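Here, each number is a calculation from the coordinates, and none is a lab measurement. These numbers were taken from a predicted model, which means no experiment stands behind them. Neighbour counts are summed over all protein chains in view; Cβ atoms, including those assigned to glycine, are modelled from backbone coordinates with ideal geometry.
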């Protein structure tokens, strides 16, 4: 059975999808972009600031699902420029600090929703 996961904020999905779902002991977090959860507005700033906001939002979704970043199994990071990879990694490493960080794919894409520079999706244990 599939269950939709929601958090109380203005920054809900931008389309007809769930921000996260739980099924078969896993949490699937849709790609998160740097939206301010209080206003639903795109957060501007450096790539470091954007990555922090994305991972903070992801952490809250996982918490609402009864999970955490520590239980993350796989992340996919989408960047509009791979030149931002080093800065993204600096911030990313502060969120995934255990001995077994999640598997990860990082790709450069031409565009992301709302013109942001980063989007990250996560699969985690429930």
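Taking neighbour Cβ counts within 10 Å as the exposure measure, how do 78, 17 sort from fewest upward?
Numbers: 78 19, 17 11.
Ranking 78, 17 by Cβ neighbours within 10 Å, fewest first, gives 17, 78.
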Post the alpha-carbon centroid distance, segment 25-42 to segment 57-74, in whole angstrom.
11
Taking a ≥ b ≥ c as the square roots of the eigenvalues of the Cα gyration tensor, with a/c under 1.5 meaning rounded and otherwise prolate when a/b exceeds b/c and oblate if not, the chain is oblate
Once normalised by the length of segment 15-126, the mean sequence separation of its alpha carbon contacts under 8 Å that are 6 or more apart gives a contact order in percent of 39
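What number, rounded to the nearest 500 deg cm²/dmol, is the helix-based mean residue ellipticity at 222 nm of the chain, given -39500 (n - 2.57) per DSSP H run of at least four residues and division by all its residues?
Only helices count here, giving -7500 deg cm²/dmol.
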Exposure proxy check on 60, 90, 99: fewest-to-most Cβ neighbours within 10 Å is 99, 90, 60
Over all pairs of different Cα atoms in segment 63-126, the reciprocal of the mean inverse distance gives a Kirkwood radius in Å of 12.6
Here, residue 68 and residue 46, labelled 7 Å along Cα→Cβ, have an inter-label distance in nm of 2.8
